[in-house]
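See structure below.
The values are calculated or read from the model by the stated rules, or taken from the named source; none is laboratory data. Predicted model, so just to flag it, every value in this text is computed and none were measured. Backbone-built Cβ (ideal geometry, glycine too); neighbour counts: all protein chains shown. Just so you know, the surface numbers come from the protein's heavy atoms only, side chains and all, with ligands and any DNA or RNA stripped out. Shrake-Rupley method; radii C 1.70, N 1.55, O 1.52, S 1.80 Å.
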Amino acid sequence: MKKSLYLITYIVCVVSLITACNSEEEKGVIPMAEKLRVTETSIPLPKEASQKTLAVESNCAWDFAVDKSDGWTGLTVQKADGGLSIQTDANTTRSSRQATITISSKSGITRKVQVTQARGDVLLEVQGSEGKMLTFFFSGGKHEFTITSNTTWQITGVADWFTIDKSSGSGTDKVEVTVNEIQTDVARNATLVVSAENGAKTDNIIIQQQGKVIELSVSPLALTLPAAGGSKDVQITCNADWTVSVSNEWVSLSEVSGSQNKVISVTAPVYKIQSSRSATVTIVSGSKEQRTVTITQEAAELPIISLLTLIGNSVGRHEATMSFSVSSEFAITACGLCYSETSAMPTVDDNTLLTGSNTSAVVLSGLEAGVTYYVRAFATSDIGTTYSDNVVTVTTLGTEPGSDDNPFPNPR
């Protein structure tokens, strides 16, 4: 009897259990016996290349999917003993990288793991065709250098003798440098400084240009200017820039600097001293080429007077007619005759007769009859007074007319 009771009880229990399971499956309830668990839900990775194992505990089949940020091509996730193997390359960008690993069982259990990698250090390197230098001939030209970077950058240090096609940018790029022709024999250089993220890291490249072989000639090498002042030209023939200086302030120049071939004027003012003076004009190009022009200004001269000539048969009782000529580079302020009865070398302090510009027939009148006079011509300019080299002696006729004299009385 007891055995039958036990059998009935066992059958009832089995039936009840089967009925209960069928009821749970119909309701969509997952049996508690199936499990899926991960040991970490957040995995931070360093900026360097690294490998990490994520432990997955499960008593059922599972698979995974990876959703990663753009550019994280070096992330590899694959199944390994006990879970997932997570491997990544170094992060050389200036942005952190993220990925989401979703682990799912066939019955619908899911687990999500967030993977992040720290951003890389600032990367900056400048490289030209000659390493850290670009060299140009004197004629100038164009060269490029490369900036390798993982962030933004700026360029400083541009000089006025070259240009660059960009002064800022981001990432890896090429920069073109255009250099002007140099106008001196002295080499020049400048340093371009590339700064990443406002100075977080810097690198540089040197821009260097060779000096020019200068050719310089000047013509003439000597000039003579009159005391009255004036200008003369100097031809400068050069293939570069040049400067001009003078040794004395009385010389003035039309140009004190220039480039290539040029004609300059050298000017001297009016000079009223009776001794010559000199100066030098120096033309310099580059550090070695120099030419010197000697400037001489002539001494100022007194007026020049020709011989005083007594016109034949022109001497009367009270007058005589003479002629002379005057030349001067300065304006004549006075000219004429000076005469004396007593001084054999008369001056303007004695008796004078001003003639103006007419010196071809000067009538010296008002003389006393029968008296001997000493006569010289004179001329005065801003420089001074000069006299004719000769003295003319004039003796007027006597007081009584002779038989051969003019029968008509002289009204004087």
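Answer yes or no: is there a residue in segment 359-373 that is in contact with a Leu (Cβ under 7 Å, 6 or more places away or on another chain), open to solvent by 20 Å² or more (accessible area, probe 1.4 Å) and not in a loop (DSSP other than H, G, I, E, B).
Scanning segment 359-373 turns up no residue that is in contact with a Leu (Cβ under 7 Å, 6 or more places away or on another chain), open to solvent by 20 Å² or more (accessible area, probe 1.4 Å) and not in a loop (DSSP other than H, G, I, E, B).
Tally time: how many residues in segment 253-274 are assigned to a loop (DSSP other than H, G, I, E, B), open to solvent by 60 Å² or more (accessible area, probe 1.4 Å) and hydroxyl-bearing (Ser, Thr, Tyr)?
Qualifying residue count, segment 253-274: 1.
Kindly check whether there is at least one residue in segment 286-293 that is of a type in the set (A, V, I, L, M), farther than 30 Å from THR372 by Cα and either crowded, with 16+ Cβ neighbours inside 10 Å or within 60 Å of the chain's Cα centre (by Cα) (or both).
yes
Of everything in segment 326-347, what is in a loop (DSSP other than H, G, I, E, B) and surrounded by fewer than 16 Cβ atoms within 10 Å (Cβ to Cβ)? Give them in sequence order.
ALA331, GLU341, THR342, SER343, ALA344, MET345, THR347
Of all residues in segment 276-306, which are of a type in the set (Lys, Arg) and assigned to a strand (DSSP E or B)?
ARG277, ARG291
Going by the conditions given, is LYS212 under 21 Å from the mean Cα position of the chain (by Cα), open to solvent by less than 50 Å² (accessible area, probe 1.4 Å), more than 30 Å from LEU75 (Cα to Cα) and charged (D, E, K, R)?
It is true that LYS212 is under 21 Å from the mean Cα position of the chain (by Cα), open to solvent by less than 50 Å² (accessible area, probe 1.4 Å), more than 30 Å from LEU75 (Cα to Cα) and charged (D, E, K, R).
Which pairs turn up if I take residues in segment 310-326 that are without any contact (Cβ under 8 Å) to a residue 12 or more places away in the chain and look for partners that are among the polar types (S, T, N, Q) and open to solvent by less than 20 Å² (accessible area, probe 1.4 Å) with beta carbon separation below 6 Å, at least 6 apart in sequence or on another chain?
From residues that are without any contact (Cβ under 8 Å) to a residue 12 or more places away in the chain, there are no pairs.
Which ones in segment 127-144 are within 24 Å of ALA240 (Cβ to Cβ), open to solvent by 60 Å² or more (accessible area, probe 1.4 Å) and in contact (Cβ under 8 Å) with a residue 60 or more places away in the chain?
Selection gives PHE137, PHE138.
Within segment 218-252, restricting attention to residues that are among the polar types (S, T, N, Q) and not in a strand (DSSP E or B), which residue is least open to solvent (accessible area, probe 1.4 Å)?
ASN239
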